[in-house]
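Report on one structure; see the data block that follows.
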Amino acid sequence: MSSLTKTATVTFDAESIRKDFPVLSQSVYGKPLVYLDNAATSQKPQPVIDALVKYYSQYNANIHRGVHYLSQAASQAYDNVRIKVKDFINAASEEEVVFTSGTTDAINLVAATWGRQQISEGDEIIISAMEHHSNIVPWQMLCLDKKAVLKVIPMNDDGELVMPEFEKLLSGKTKIVAVVHTSNSLGTVNPVAAIVHAVRQHEKKTGKTVPVLIDAAQAVVHEPVDVQKLDCDFLCFSAHKMLGPTGVGVLYGKTNLLNSMPPYRGGGDMIKSVSFEKTTYNDIPFRFEAGTPNIADVIAFGAAIDYLNNLDRIGAVNHEIMLAEKAANALSEMDGVQLIGTAHQKTSVVSFIIEGVNAMDAGMYLDTLGIAVRTGHHCTEPVMQRFHIPGTIRASFLFYNTLAETETLVQGVKKAVDKLRR
Ligand code: PLP
């Protein structure tokens with residue numbers, strides 16, 4: 001299914017790993033919970049939960065402002081996470097790491113600052129046909145505001161971007177390319193390195209700079225993303241999809257770009273000095289972090305990064321892909337079941353429809369069996385429009401899922417087909 005898998009044999013011990021995730025050991029409706037909604041949000045390991053409890057019970061304080069012990073401890077813990085994020089994505093320096101409330105916030109930040117400064121009437125913004133709404137709507141809002149034009153890279157019936165069409169879209173009017181690394185609704189892993197490379201070639205030809213923003217919300221938990229190697233200009237992701245808490249995310253931006261951007265929100269911490277006559281803004285990244293940040297969750301995000309760093313990540317991705325492949329193969333053999341998203345490069349997302357069965361009814365039925373899947377358009381309505389369907393049933397696997405859970409899903413879908421099909 002994916003070239004991400006590095007070895008043929010899988011020795012990953014999901015059974016012992018899942019003990020680190022307290023949520024997973026419960027029963028719902030008297031059935032063991034089978035959590036297959038990881039693309040919506042991942043579960044949290046105990047060290048992440050402990051980090052939150054420790055902060056609130058031992059050193060809760062506001063940061064960067066207090067000279068007292070607790071404030072210094074909190075500031076240090078918070079600032080350390082910026083270094084962890086920098087290392088995690090191999091940014092050139094920690095000033096390139098801006099904490100946001102999530103991927104959505106990070107993309108909005110770029111659209112509202114870089115975009116409002118750089119985009120004018122007639123300019124073109126390129127996105128793809130498989131974007132999450134959070135990488136469509138901020139650009140649409142900007143286009144409306146500035147009379148700019150949104151261009152969309154099409155995809156084929158397998159849910160893969162049509163690269164020659166992308167290259168045709170690049171023009172002298174292109175101002176930014178913003179694409180998703182890994183699709184949440186189809187599971188497609190896009191050729192982001194090739195996209196960046198094509199843009200760099202285009203820059204050489206035209207002499208114009210075109211930043212590339214990568215929405216890595218679904219990518220970073222599955223595979224290492226090295227921003228220097230990828231040479232992207234912006235990278236956005238959310239902590240909650242990579243074992244961390246909700247309400248925290250990252251905007252990575254190259255130093256020169258972040259330095260050139262005006263502030264996002266005004267308030268405390270983002271200034272150097274304020275008078276009624278004039279305000280001078282703080283250096284990056286603080287310029288983009290107005291007000292008291294989400295201190296506790298950033299600190300717990302650091303514990304999530306530690307957890308991932310200590311994991312056998314190649315074993316983990318092999319395991320996830322193996323489960324997703326087994327599920328996809330079994331489901332595709334069922335009468336009336338059709339997979340949506342059959343790209344060659346895929347993550348562990350299996351989206352499907354059942355002929356004659358409403359996706360939400362199927363999801364609700366699976367829920368009664370203790371199986372948590374997602375149904376609907378997954379915040380990618382244009383993807384559903386492309387496939388002429390209202391929505392899909394999506395099972396998304398993470399390394400702590402097991403073969404037994406995969407089998408429970410397959411049996412559950414069989415029952416759903418028998419019971420619900422008209
Ligand atoms: N981009 C993708 C590909 C996603 O899957 C999601 C969430 O599902 C987002 C962006 C938005 O992430 P958040 O809601 O954490 O801001």
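For this structure, a couple of remarks:
- Using a cutoff of 8 angstrom between alpha carbon atoms and counting only pairs six or more residues apart, the relative contact order for region 49-309 works out to 24 percent.
- Debye log10 I(q)/I(0) for region 239-365, one point scatterer per Cα, at q = 0.12, 0.14 Å⁻¹: -0.76, -0.86
- Here the Karplus curve 6.51 cos²θ - 1.76 cosθ + 1.60, taken at θ = phi - 60°, turns the phi angles of region 378-393 into couplings of 6, 6, 9, 4, x, 5, 5, 4, 4, 9, 6, 9, x, x, 10, 9 Hz, with x standing for Gly and Pro.
- With θ taken as phi - 60° and the Karplus curve 6.51 cos²θ - 1.76 cosθ + 1.60 applied, the whole-hertz 3J(HN,Hα) list for region 75-91 is 4, 5, 5, 5, 5, 4, 5, 4, 5, 4, 5, 3, 5, 4, 9, 6, 5 Hz, x standing for glycine and proline.
- Residue ranges 322-328, 11-17 sort as 322-328, 11-17 when ordered by packing (mean number of other C-beta atoms within 10 Å per residue, highest first).
- Peptides ranked, highest mean first, by Cβ atoms within 10 Å: ranges 415-421, 125-131: 125-131, 415-421
- Cα gyration tensor shape of region 189-280, rounded if a/c is under 1.5, else prolate or oblate by comparing a/b with b/c: oblate
- DSSP bridge pairs, the chain: antiparallel proportion in percent, nearest 5: 60 percent
- Sequentially through region 273-289, phi angles give Karplus couplings (6.51, -1.76, 1.60; θ = phi - 60°) of 8, 10, 9, 5, 7, 7, 10, 10, 8, 6, 6, 6, x, 5, 4, 9, 10 Hz, Gly and Pro residues having no value and appearing as x.
- Shape parameters for the chain, alpha-carbon atoms, Rg then Dmax in Å: 22.1, 72
- Separation of region 287-344 from region 110-180 is 26 Å, based on Cα centroids.
- Calculated [θ] (222 nm, deg cm²/dmol) that DSSP helices of n ≥ 4 give over the chain, each run adding -39,500 (n - 2.57): -11000 deg cm²/dmol
- The peptide list 171-183, 308-320, put in order of mean Cβ contacts within 10 Å with the highest first, becomes 171-183, 308-320.
Values in this text are rule-based calculations from the coordinates and carry no lab data. Model, not experiment: these values are computed from the prediction. Neighbour counts are summed over all protein chains in view; Cβ atoms, including those assigned to glycine, are modelled from backbone coordinates with ideal geometry.
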